[in-house]
Amino acid sequence: MTQIIKEEHIQLREKVANWEESIQVAAAPLLQESYFNDDYVKSMIKSVHDMGPYIVIAPEIAIAHARPNDNVHKVGLSLLKLEEHINFSDNSHYASLVFVLSAIDNEAHLEILKKLATILSDKETVQSLILANSKSEIINIFKEND
């Protein structure tokens with residue numbers, strides 16, 4: 001996991017204006033390093049508009065992604081940790097941990113998703129991530145669970 005989620009791909013913010021901004025901010029480090037282009041960010045946002053808040057996989061956890069296409073160049077993972085969670089719908093789909101997953105095909109990202117799901121299935125780990133105050137603290141949580 002720690003080879004995939006790098007400290008420079010983690011951001012900590014107090015809050016964002018809305019869920020669309022949370023995806024844009026969470027995607028920014030990968031976008032800047034050309035993991036994908038801006039059309040992939042737009043696709044992630046469009047997917048939520050079209051299909052609802054399916055990316056909120058558990059309380060406080062969202063994993064934004066879109067279908068693999070030519071706009072994605074590398075498999076990657078980034079994280080935006082918010083102090084004030086964001087609502088992805090009117091039906092209480094809140095997240096303070098917003099991950100962005102870039103997938104180059106239908107299979108390369110599955111191992112990452114599997115490991116991430118395993119780590120995030122532990123409530124204590126999720127609580128530790130929510131309470132973390134620094135990027136290095138978040139990296140250490142992932143190292144402990146790798």
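The values are calculated or read from the model by the stated rules, or taken from the named source; none is laboratory data. Owing to the predicted nature of the structure, the values given are computational and were not obtained by experimental measurement. Here the Cβ positions follow ideal geometry from the backbone for every residue, glycine too, while neighbour counts run over all protein chains shown. The protein model used for the area step is the full one, side chains on, heavy atoms only, and it has no ligands, DNA or RNA in it. Shrake-Rupley method; radii C 1.70, N 1.55, O 1.52, S 1.80 Å.
Secondary-structure-derived ellipticity at 222 nm for the chain, considering helices only, amounts to -12000 deg cm²/dmol, per-run term -39500 (n - 2.57) for DSSP H runs with n ≥ 4.
The lysine pair tally for the chain, using Cα distances under 19 Å and a gap of 8 or more places or different chains, is 21.
When the alpha-carbon atoms of the chain are used, the pair Rg, Dmax equals 13.8, 38 angstrom. Computed from backbone phi, the HN-Hα couplings of region 68-73 come to x, 7, 5, 7, 10, 10 Hz, rounded to whole numbers (Karplus: 6.51 cos²θ - 1.76 cosθ + 1.60, θ = phi - 60°; Gly and Pro given as x).
Scanning residues 5 or more positions from Q11 or on other chains, those with amide H under 5 Å from its amide H are L79, L80, K81, with H placed 1.01 Å from N in the peptide plane. The HN-Hα couplings worked out from phi for region 76-86 by the Karplus form 6.51 cos²θ - 1.76 cosθ + 1.60 (θ = phi - 60°) are x, 9, 10, 9, 10, 9, 9, 6, 10, 5, 10 Hz, whole numbers, x standing for Gly and Pro.
Assuming charge only on the beta carbon of Lys and Arg (+1) and of Asp and Glu (-1), the dipole of region 28-135 about its Cα centre is about 120 debye to the nearest 20.
Normalised per residue, the accessible area of the chain is 52 Å², obtained with a 1.4 Å probe and no contribution from ligands, DNA or RNA. Which of the three applies to region 11-75, rounded, prolate or oblate, going by the alpha-carbon gyration tensor with a ≥ b ≥ c and a/c under 1.5 meaning rounded? Oblate, because a/c is 1.5 or more while a/b does not exceed b/c. Each distinct pair of alpha carbons in region 42-90 adds a 1/r term; the inverse of their mean, the Kirkwood radius, is 12.3 Å.
When DSSP beta bridges are restricted to pairs lying wholly in region 42-99, around 65% turn out antiparallel. Overall, the accessible surface of region 38-106 at a probe of 1.4 angstrom is composed of carbon and sulfur to the extent of 47 percent.
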